[in-house]
1. If a residue must be out of contact with any strand residue (DSSP E or B) (no Cβ under 6 Å at 6 or more places or on another chain) and either at pLDDT below 95 or assigned to a strand (DSSP E or B) (or both), how many such residues does the range 146-168 contain?
2. Tell me which residues, restricted to the range 37-63, are within 14 Å of residue 111 (Cα to Cα) and either touching a helix residue (DSSP H, G or I) at 6+ places or on another chain (Cβ under 7 Å) or assigned to a loop (DSSP other than H, G, I, E, B) (or both).
3. In the range 14-36, what residues are touching a strand residue (DSSP E or B) at 6+ places or on another chain (Cβ under 8 Å), touching a residue at least 40 places away in the same chain (Cβ under 8 Å) and either part of a helix (DSSP H, G or I) or more than 15 Å from residue 48 (Cα to Cα) (or both)?
4. Any chance you could count how many residues in the range 41-72 are in contact (Cβ under 8 Å) with a residue 60 or more places away in the chain, under 20 Å from residue 11 (Cα atoms) and more than 12 Å from the chain's Cα centre (by Cα)?
5. Here is a list of conditions, (1) free of Cβ contacts under 8 Å to residues at least 40 places away in the same chain; (2) over 24 Å from residue 13 (Cα atoms), and residue 104 meets all of them except one; can you say which number that is?
6. Of all residues in the range 170-208, count the ones that are within 20 Å of residue 87 (Cα to Cα) and at pLDDT below 95.
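The values are calculated or read from the model by the stated rules, or taken from the named source; none is laboratory data. In this text the structure is predicted, and so the values were computed from the model without any measurement. Here the Cβ positions follow ideal geometry from the backbone for every residue, glycine too, while neighbour counts run over all protein chains shown.
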């Protein structure tokens, strides 16, 4: 196992999810969908982020997401880190659109530099060790607060964030129960991490 190869969202309506992500973000190959009716309430413990080149790209992607049926959680705004906003897809997945740039140098291209899966965990140090033991390597680390694993040339990245801090960053309450409604592909053998996130082999994910 080296990193994420696939991300499968568990949704009530797979055809509707495919349409939404194609229309909202132009994501047609980066995500997979699986029909699921498992109960899930409140914060599901993860967010997905699209990192883009400029603020204009953030605004463009948020605009098409809202037009496709997403709801705004945090309007796009400048911060010390750059520019970004948060929306929730109709299937319940929370998405952050962000850039480190604070000014535009040209019109929006809607180019997506990376898709980042951020897992909200109870103990960052313990989860970090868990993933290191399974072959991942650290790209960035900020103590017991945040870890981003090296993804090499892959556009799919994995990061760990304290659950309460991740919920605060997303603009939602940290409480939640039931299914995470996500499965991650890239494991040599299936496993579940300390916070209940399921990993599958790429072959299993391809059957979704």
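1. 4
2. Scanning the range 37-63 gives 50, 52, 53, 54, 61.
3. 17, 25, 34, 36
4. 3
5. Result: residue 104 passes all but (1).
6. 0
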